[in-house]
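Structure first, then comments.
The values are calculated or read from the model by the stated rules, or taken from the named source; none is laboratory data. These numbers were taken from a predicted model, which means no experiment stands behind them. No Cβ is skipped: glycine too gets one built from the backbone with ideal geometry, and neighbour counts run over all protein chains shown. Note: areas computed on protein heavy atoms with side chains; ligands, DNA, RNA excluded. Shrake-Rupley method; radii C 1.70, N 1.55, O 1.52, S 1.80 Å.
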Amino acid sequence: MIRLVIVDDHPIVRGGLRDTFADAEDIAVVGEAGDGAEGIERAKLLAADVVLMDLRMPVMDGVAATAALREQAPSARVLILTTFDSESDVLPAIEAGAIGYLLKDALPDELTRAVRAAARGESVLAPSVTQHLMGQVRRPGAGTLTDREKQVLQLVANGSSNREAATALFIGEASIKTHLQHIYDKLGVRDRASAVAEGYRRRLLT
């Protein structure tokens, strides 16, 4: 019997998911949680085999909860189930340790198969997620910052504006904007704050 914990901040969604697995003889929904922190405790207390995890929740989001579960309950497989499939959502979740990533428009049979596959230790990805990951792998220099890009990111982390960073590096402000866009693409983020946070997470910043 696969022990499943559902983590989502919307009670209606949790109820719908619980009903989805009601007829599955080999899957038992043993618990629910409304945020990532509660999900971690439920997964540990109830010895979950699979955790169906939303991404954006109060208190603790799905990425942070996934990373924590990898450390605290490594036997629990985390399967992300969300409405968001942008690269900046997908990559952090996979890097945090999620075994799969599905979207909430998945059919009930797909969810059931995905939970079974996750319990077996098999990765399950929505088609759009696979495209993001393939694009990341194929992109030249994906995820690797040049020395100049690291300098720009460090200045941004230190609070420098584009103009101040340009002055410090003796280059034009337009060049700073170009470097920042390359940094965003490589780190899979959308803005300065996220780039800095990801830079610290990857230990690119001091």
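What the table below lists for this structure:
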| item | result |
| --- | --- |
| Most to least accessible of Thr20, Thr206 (protein chains only, probe 1.4 Å) | Thr206, Thr20 |
| Per residue solvent-accessible surface (Å²) - the chain, probe of 1.4 Å | 51 Å² |
| Cleavage-rule hits (GluC sites (Glu not before Pro)) in segment 23-58: DSSP loop, at most 11 neighbouring Cβ within 10 angstrom | Glu25 |
| Extension gain (nm, one decimal) between Asp109 and Glu71, 0.36 nm per residue minus Cα-Cα | 10.6 nm |
| Helical mean residue ellipticity (222 nm; -39500 (n - 2.57) per DSSP H run of 4+; nearest 500) of the chain | -16000 deg cm²/dmol |
| FRET efficiency estimate (nearest 0.05) - Cβ-Cβ, Ala168 to Arg190, R0 25 angstrom | 0.55 |
| Of every Cα-Cα pair in segment 1-144, the percent that sits beyond 22 Å | 31 percent |
| Estimated inter-spin distance, Thr146 and Ala64, nm [label 7 Å along Cα→Cβ] | 3.5 nm |
| Projected label distance in nm at Thr178 and Arg18, using a 7 Å step from Cα toward the beta-carbon | 5.7 nm |
| With Cα atoms, 0 to 90° folded angle of helix 62-72 axis to the chain main axis | 70 degrees |
| Lys pairs, the chain - Cα-Cα below 29 angstrom, 8 or more residues apart or on other chains | 5 |
| Given charges at Cβ of Lys, Arg, Asp, Glu: the chain dipole, positive-most of Phe170, Leu55, Val115 | Phe170 |
| Phi to ³J(HN,Hα) by Karplus 6.51 cos²θ - 1.76 cosθ + 1.60 over segment 94-108, Hz, x for Gly, Pro | 5, 5, 6, x, 5, 7, x, 8, 10, 9, 6, 8, 5, 6, x |
